[in-house]
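Scroll down for the structure; my scribbles are underneath it.
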Amino acid sequence: MRTFAHRIPLGGMAASILFGVALVGCGSATGVGRSSATATPTCPATASFKSVSGRITTVGSQSATVSDASGATTEVQFTSTTRVTRILSLSPTALTVGASVVVLTDTNATGAKRISLVPRGATGTPGTPGTGDDAQGQTYSVAITSSTMIEQTAQAKTADLAVGMTVTATGSVTTNGISARTIAIQA
């Protein structure tokens with residue numbers, strides 16, 4: 001691959017104008033002909049996101065407390081717009097001809113570590129269990145072993161949340177924990 005460069009000569013006046021415009025765009029310029037600038041924020045702060053995974057220790061109508069593996073707790077607030085899903089564990093018999101799947105393989109791409117069934121309506125070409133065609137028509141074959149996790153994601157509701165469930169919640173950081181955009185209930 002070749003890289004091409006094209007130079008455009010700039011005179012002293014053009015360079016001064018561009019420098020002045022750059023200063024105004026980045027902050028504020030003080031006086032005509034001066035080259036000092038004061039940096040000012042140009043973008044508002046963005047909300048930071050956080051995920052927490054663990055067991056629910058308490059649950060209410062608008063929040064749940066999740067305890068992670070280290071014992072730290074996080075309050076997870078939810079609303080009617082929070083997307084709640086349940087990850088269901090399935091047996092290999094759920095893999096039928098024509099099912100659309102996403103497969104996570106081992107490093108050699110010979111064995112399936114995780115197979116996720118994709119909801120109906122997704123595109124793909126039918127294959128036989130253990131083989132399949134991708135969107136480009138390439139056929140792949142992977143081994144399904146006893147350690148292969150086979151799962152499907154289903155819709156759930158915040159009313160389904162209960163003490164003892166394992167969940168992963170993701171959302172914006174609040175002063176009390178996180179305001180969840182998504183909560184995934186693990187099987």
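Laboratory data are not the source of any read-out in this text; all were calculated from the coordinates shown. Because the structure is a prediction, the values reported are computed rather than measured. As a convention, Cβ positions derive from the backbone with ideal geometry for all residues, glycine included, and neighbour counts pool all protein chains shown.
Suppose the chain between N176 and S70 were pulled fully straight at 0.36 nm per residue; how much longer would it get relative to their current alpha carbon spacing?
36.3 nm
Going by how many other Cβ atoms sit within 10 Å of their own, how do V52, V173 line up, fewest first?
The order, fewest Cβ neighbours first, is V173, V52.
Can you list the residues, at least 5 places off or on another chain, whose amide H is less than 5 Å from the amide H of V118, using H built in the peptide plane?
S100, V101, V102
Using only Cα atoms, figure out Rg for the stretch 46-187 and give it as a multiple of 2.2 N^0.38 Å. Write out the running numbers ahead of the final one.
Working: Rg = 18.0 Å, N = 142, 2.2 N^0.38 = 14.5 Å.
My calculation over the Cα atoms of the stretch 46-187 gives 1.24.
Given labels modelled 7 Å from the Cα in the Cβ direction, how far is it in nm from D106 to A187?
2.2
Using 1/(1 + (r/R0)^6) with R0 = 35 angstrom and r between the beta carbons of A143 and T57, what's the FRET efficiency to the nearest 0.05?
With R0 = 35 Å, the Cβ-Cβ based efficiency is 0.35.
At 7 Å along Cα-to-Cβ for each site, give me the label-to-label distance between K113 and V97 in nm.
Here the answer is 3.1 nm between the modelled labels.
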